[in-house]
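The structure under discussion appears below in the form of structure tokens.
Every number here is computed from the coordinates shown, using simple stated rules; none is lab data. The structure displayed is predicted, hence computed values, not measured ones. Here the Cβ positions follow ideal geometry from the backbone for every residue, glycine too, while neighbour counts run over all protein chains shown.
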Amino acid sequence: MSNALKRKVNRLGIMGGTFDPIHNGHLVAAEMARGEFNLSKVLFIPSGTPPHKNSRDVSAANLRYEMAGLAIKDNPEFDLSALEIERKGLSYTVETLRILRRTWPDYELYFITGTDALLEIFSWREAEEILTMIQFIGAARPGFDASDFLLKVQKEHPETKGRIHYLEVPALAISSTDIRARVRHGQPIRYLLPESVRLFIQQHGLYITEENA
């Protein structure tokens, strides 16, 4: 069969996280992954109650969801899902992926995350099943040599071979943790995140104190 007659492969990018707040590093990583891996769409999924974090240290889900919506509204290839924040209890990735697998049955799933978070995958609930459902795109800061890192992952977990990819992203020096600290200390955050999100943070008084930072 010729290439022209082969079924077009649809690929869905998944960008999960607390997004507290979402920033330009997230957006650049998603856009570069979309282009590099020919993703049809990137779906942003703010976490509800993340199992690896103290829920008291995370801003309210509705606020994080609204910030994500403001950040991506100008990109038609970006979409937003309330899947995790509407689900009761802790947000486990495997449960989210099962739903996405049923919702997008004709799509290959690509999970976009930071390279430093890749090793944490194996501590996730039912990690073996996750690895059969999706491929991973590890976004790394410029100058980060991922070759040794990927070799280490594949050596320790042979089942990941060919399922973890590396992508250099120039904006990854930006972090949500740093943005929250800058707000708390009265330092500027303009240009680190979309202006609409900066204004939202200012309007709602987010991250001003240690308790809500």
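Mean-square fluctuations from a GNM of the chain, with a 10 angstrom spring cutoff on Cα atoms, peak among Pro158, Pro170, Pro142 at Pro158. Between Glu120, Glu128, Glu77, the residue with the greatest mean-square fluctuation in the GNM of the chain (Cα pairs under 10 Å linked by springs) is Glu120.
What is the diffusion coefficient of region 147-210 in µm²/s, taking the Kirkwood radius over Cα pairs and the Stokes-Einstein relation at 10 °C with a viscosity of 1.306 mPa s? This corresponds to a translational diffusion coefficient of 108 µm²/s. Every Cα-Cα pair of the chain was included, and the share exceeding 23 Å stands at 48 percent. Amide hydrogen proximity for Ile137: with H placed 1.01 Å from N in the peptide plane, the residues at 5 or more positions away or on another chain lying under 5 Å are Phe111, Ile112, Thr113, His165. Relative to the longest principal axis of the Cα atoms of the chain, the long axis of helix 61-72 makes an angle of roughly 70 degrees. Among residues other than Pro142 with Cβ under 15 Å from its Cβ, the summed charge is -3 (Lys and Arg +1, Asp and Glu -1). Gain on full extension, evaluated as 0.36 nm per residue between Glu66 and Arg163 minus their Cα-Cα distance, stands at 31.7 nm.
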